[in-house]
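**Student:** Here's a structure for you.
Taken together, the values in this text are just the output of simple stated rules run on the coordinates, not laboratory data. The model shown is predicted, which means the values in this text are computed figures rather than measured ones. Cβ atoms come from the backbone with ideal geometry, glycine included; neighbour counts cover every protein chain shown.
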Number of protein chains: 2
Amino acid sequence: MTNFSSNHNLATESFLISRDQKEALNGQKAFVVWLTGLSGAGKSTIARNLEVALFKAGIRTLILDGDNTRMSINRDLDFSIAGRQENIRRVAEMAKLLNDAGVVVITAFISPFEVDRIQARTIIGEDCFIEVFVDAPLDVCMERDTKGLYQKAIKGELKDFTGISSPYEAPGNPKLTVQTKDQKPEDSVMQIVAWMKSNYYI
Amino acid sequence: MTNFSSNHNLATESFLISRDQKEALNGQKAFVVWLTGLSGAGKSTIARNLEVALFKAGIRTLILDGDNTRMSINRDLDFSIAGRQENIRRVAEMAKLLNDAGVVVITAFISPFEVDRIQARTIIGEDCFIEVFVDAPLDVCMERDTKGLYQKAIKGELKDFTGISSPYEAPGNPKLTVQTKDQKPEDSVMQIVAWMKSNYYI
């Protein structure tokens, strides 16, 4: 007796309205801006302000970050390395679905491991995956310590915390890098928007 | 030492562009058409043709069904009762995120248990949850047996198969019911669209 646990019985019927048609209805391309960097580097702030800039240009977007995934769709996952890897995998799959609806996605996750970002790129598709390295030195991020997490990590109250007790693997070949040590968030946003324009994403 | 496995450390920063603004940009309300019914009742066919009807009216949609969730975001789940419940929970959360992006969602899952559909309604929000009972008698569905699954279930090759070895709990109070024994899919779609119009969803 076969267990009904394989995906073998799923028929793949195609949908009648294509992603291209949905993009055309929205008058935009769909893609993912994948922000990666240390906690405190500025990912969330950039994501929020990038969304404003795109919205003003009439572009449909959704931000995916810890706030709207960790307590909802991914609430079954913990913050172990395995849990964080599965978190990133599902975020990539969600981003892909949103792209299929013709929506631009901005993600803001530390996503410290190259292997996970490569998986995300594979799921989303090379052309639609704009990896942006939000780069700030660890000491600057620790000084900002926006959420007080570095203090907790140093005291040993948080396990596997990126930069303290778990590595951050900087992207080897990001589409672009924004340096947030001295650059204001609005300037990082302008840099990303300019890159998108010159590469015909918007 | 606290394990970094609670969600306690997540700050909830609000986004700068609201769902209302996104709906306004799309010129539509966002909501979920939740199709529930036996395998073979016609959910997928109705979903696909409903999407066409809405697209022609300029409405942005995405279908969520087994095809685009089971092999991707939910590929870690099996078809046990627990796996299917978690599948439905995550589908509801995804639908909510798509609504947050201003997109209408059509779901096509058997979703046999009232408790799971209530959870979905809670996640999505009562006003945005249009439960549609796609109703066809079991013998009609078995005769159609679109995917050959009933034959397998009868032979005992599939465990916990709805209608055969697992119950289907019909909705107690669906927003509407489409009878697909004699009604053609295009007529079911027209019925749903007419309901949406008279209830000011579209």
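**Student:** What's the exposure ranking of B:Leu25, A:Leu38, A:Leu54, going from fewest to most Cβ atoms within 10 Å?
**Tutor:** Least crowded to most crowded, the residues run B:Leu25, A:Leu54, A:Leu38.
**Student:** I've got another one for you. Can you return the aspartates and glutamates within cross-link range of B:Lys155? Criterion is Cα-Cα under 18 Å, with same-chain partners fewer than 8 residues away left out.
**Tutor:** Straight-distance partners of B:Lys155: B:Asp139, B:Glu143, B:Asp145.
**Student:** What's the magnitude of the charge dipole for the protein assembly as shown around its Cα centre, counting Lys and Arg as +1 and Asp and Glu as -1 at the beta-carbon? Answer in Debye, nearest 20.
**Tutor:** Details: 48 positive and 52 negative charges, 86 e Å.
The calculation lands at about 420 debye.
**Student:** Still on this structure: For B:Val52, which inter-copy label distances result when the label point lies 7 Å beyond Cα on the Cα-to-Cβ vector, reported in nm to one decimal and in ascending order?
**Tutor:** For B:Val52, the inter-copy label distances come out at 4.4 nm.
**Student:** Find which of A:Tyr201, A:Ile164, A:Gln151 sits farthest along the positive direction of the dipole of chain A, computed with +1 on the beta-carbon of Lys and Arg, -1 on that of Asp and Glu, about the Cα centre.
**Tutor:** Farthest towards the positive end: A:Tyr201.
**Student:** Could you please rank A:Leu62, A:Leu138, placing first whichever residue has the fewest other Cβ atoms within 10 Å of its Cβ?
**Tutor:** Ranked by crowding around the Cβ, least crowded first: A:Leu138, A:Leu62.
**Student:** Treat the count of other C-beta atoms within 10 Å as a stand-in for reagent exposure and order B:Cys141, A:Cys128 from fewest to most.
**Tutor:** Lowest count first: A:Cys128, B:Cys141.
**Student:** Moving on to the next point. Scan chain B and report its longest stretch carrying no GluC sites (Glu not before Pro) that are both in a DSSP loop and have at most 15 other Cβ atoms within 10 Å. Walk me through the numbers before you get to the answer.
**Tutor:** On the way: sites that count: B:Glu13, B:Glu157, B:Glu169.
The reported range is B:14-156.
**Student:** Hey, got the dipole for the range A:19-198? About the Cα centre, +1 on K and R Cβ, -1 on D and E Cβ, debye to the nearest 20?
**Tutor:** Charge dipole, the range A:19-198, about its Cα centre: 360 debye, nearest 20.
**Student:** What FRET efficiency, computed as 1/(1 + (r/R0)^6) with R0 = 60 Å and r the Cβ-Cβ distance, is obtained for A:Thr146 and B:Val52, rounded to the nearest 0.05?
**Tutor:** That gives a FRET efficiency of 0.85.
**Student:** While we're here: Along Cα→Cβ at 7 Å, what distances in nm separate the B:Ala170 label point from those on the other copies, shortest first?
**Tutor:** 6.5
**Student:** In whole Å, what is the distance between the alpha-carbon centres of the range B:38-116 and the range B:168-184?
**Tutor:** Answer, in whole Å: 17.
**Student:** Mean residue ellipticity at 222 nm from the helices of chain A, using -39,500 (n - 2.57) per DSSP H segment of n ≥ 4 over the full residue count, to the nearest 500 deg cm²/dmol?
**Tutor:** Calculated from helices alone, the mean residue ellipticity at 222 nm is -12500 deg cm²/dmol.
**Student:** Which distances, shortest first and in nm, link A:Lys147 to the matching position in the other copies, using label points set 7 Å out along Cα to C-beta?
**Tutor:** Once sorted, the set of distances for A:Lys147 reads 3.7 nm.
**Student:** Tell me which of B:Leu50, B:Leu97, B:Gln183 sits at the most positive position along the dipole axis of chain B, charges placed on C-beta atoms (Lys, Arg +1; Asp, Glu -1).
**Tutor:** Of the candidates, B:Leu50 comes out farthest on the positive side.
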